[in-house]
Amino acid sequence: MAEYKVEDYFATAGGFAINLAVVDQTARLALTGIPTNFVVEEVGTGNTTSPTMKVWKYNGGGISNNANWTDVTASADCTAAIQAAVNALKLNGKGGTILFPSGICRMAAGGKVSEDLGASGSQQGMFILKGTGDSAIRFLGTNDVRLQFFNSQTIICEKLVFLGDLTSLTSTEASIAHLSFGGDISIVKECLFYGLGLAHGTAKGILWMSNQCVLEKCQFRGTWGNLDPVVYATAIDSFVARDVRCIDYGVYGTTSYAKGGSTGLNWIKVVNTGSTNQIPGSKFLCEDCTFDEGADVAVSVTDFEWAVVRASNVNIPGRAHGPEFIRVHNVEVDNSNFGYTSFSGIVGLYVEDVDTARFRNIRFFSPAGETSADTLSIQGTTRKVIIDNCSRGLATRLPWILQNDADAEIIVDGVRTKGGLTQIG
């Protein structure tokens, strides 16, 4: 498979990869070795915004003299080089790999790469965005979509770090989508997403419009937003999230960002849009995942035939629900833990218009003194809920509450009941 190195296009298209090492000015002027690449200098600190970063090139003549350094921050944009590599791959017509070098490739404000990989003929075979494990792309400013690729049989993004831009606090501090993939099969694996700004009303971290989507061995940390999901997939046959860690979803305010939930925030939201009937055979799987702090809903699944969550943990999900399932034929959740915040009205599990839901080996827990949370909310036309070997931590403080507005048949450890049930325990 052909490989196209982004760095090969730096000379003609501009840009360069900068060292991942970050120093302050004092450390930069006291370096003992001669810098062979570029040095990143951190300017300012704070826990509500990312520090401003400058990129410096050493020109020789004495490291300790600041006059011998050139500030190349503004000229470090790699957008054109990434686009040039993609253009070369597309001309090949057979797919290939875009290789990112070690270091940070910067995409300036307004910079984006959007490519219809199948526009010149039949779909490309396989399109891969690949890093070395310490390769990073830093998105600066705002734009509609930063990296968008579609009409390829298979799209893979692996071993890359994506860095957001939180240096200013505005309601449009976001891209509409940092990554957007459309094709037959789309896979994102072994990637880290840090500091993504999602304050724009329609912002997404990853926007998927593919038949089959896989998110594997990825981490999302330090995300900030006020409305939309971090990962959003629509009109798909299958979605798999495996070994995913989502940590620290903060809320945009008028002058600052703060950790905590707010209405509408989702870590992962999967919807078969525009359909009140599930796509036959459509499946959702969330396995060995952790959702920790901030978002309203850890996982939201709508209009699927099957939805399975297993071996996953939701710790302090926010003000609304852990996993929620809406218009799903069959739901299975097992061997998982679901925690609560101290907010009133939150729900450990939420089902609405579900045919059959099975919950096995689940532990629900809440902070000491919390009595207002619902362990399970059953809504709409849900028909049957089966609960086996589920427990609730701090049982003397948190009743086992079933909010049953669906008149569903409920079987708890083999004991059957139906209609009007509001509380067990």
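The values are calculated or read from the model by the stated rules, or taken from the named source; none is laboratory data. Remember, it's a predicted structure, so these values are computed and weren't measured experimentally. With ideal geometry, Cβ positions are generated from the backbone for all residues, glycine too; neighbour counts draw on all protein chains shown.
Filter the stretch 327-379 down to the residues that are surrounded by fewer than 21 Cβ atoms within 10 Å (Cβ to Cβ) and among the hydroxyl-bearing types (S, T, Y), then identify the one that is modelled with the lowest pLDDT.
Only one residue tops the list, namely S342.
Which ranges mark the strands (runs of 3 or more DSSP E) fully within the stretch 1-91 that have 2 or more residues being modelled with pLDDT under 85 and closer than 29 Å to Y249 by Cβ?
Passing ranges, in order: 38-43, 52-58.
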